[in-house]
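**Q** Have a look at this one.
No value in this document is a laboratory result; all are computed from the given coordinates. Everything numeric here is computed off the predicted structure, so don't read it as measured data. Cβ placement follows ideal geometry from the backbone for every residue including glycine, while neighbour counts extend to all protein chains displayed.
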Amino acid sequence: MNRTDRLYALVEELRARAPRPMRASELAKRFEVTTRTIERDLLALQEAGVPIWAQPGPGGGYSLNVEATLPPLNLTPAEAAAIATALAATRAMPFAEAGRTALQKLSNVMASAPKSTASKLVRQIRVAQGPNTSSPDQGVTDVIQQALIDSTAMEMTYRDFEGHETLRVVEPGGIMGTRHGWYLAAYCRLRQAPRAFRLDRIANATLTGEHFSERSLDSLLPELPFELTEPALM
């Protein structure tokens, strides 16, 4: 077994035994190498960011935090290419940067052979972009994300289609993807009614710190224009 294969196998051995620790001498016997070699391998994995913890003393050893790691994913090349294509087709979506980093994480834990095939397949795909709208501001989408998670009202400056700005305090209910672009569905306190706000027209946004009773997206949709209530997957 070469060192690269042994490093992968070490992680899987620790994963199988988690949360119980394994001594370096046990691992050395398992992989038929010296204890010193195993200790060097474990140090290399720790320096690479693998969450392996050393527990000193009797009954101690090395253990893996399985909640922070993934085994190699059994995605087929077509499945991986489909995810990459879907992200490319919705480049102006909210949380686009999160989508890119998620794809990178998936790629990093794929086995090498299907990963190589998926990369070849992706290079042979071209995607025409959706509606001609600009990407929403990353800071705005970060605030929206937190507001949705915490059911917190947010204050925002919104530009209408003529460029007029108004200051709104809204209670977010969800995000919609339509043929016209991406929208935030929310209860607007200024208008005292549900409204749909196109994400690329939100100039800035901040959390107010005020919590509200959660408003489901489904409860807001019937009061929004019909053409904006298409499914999120287009």
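**Q** So what is the calculated 222 nm ellipticity per residue for the chain, using -39500 (n - 2.57) for each DSSP H run with n of 4 or more, over all residues, to the nearest 500 deg cm²/dmol?
**A** -12000 deg cm²/dmol, from helical runs alone.
**Q** On to the next question. Taking the convex hull of the Cα atoms, report for the chain its projected area averaged over all directions, in nm².
**A** Spelled out: convex hull of the Cα atoms, projected over all directions, averaged, 17.3 nm².
**Q** Could you tell me what a quarter of the Cα convex hull surface of the range 138-228 works out to, in nm² with one decimal place?
**A** Mean projected area for the range 138-228: 5.5 nm², to one decimal.
**Q** Could you give the nm distance between label points at Ala9 and Arg159, where each point is 7 Å from its Cα heading toward the beta carbon?
**A** Distance between the two pseudo-spin positions: 6.0 nm.
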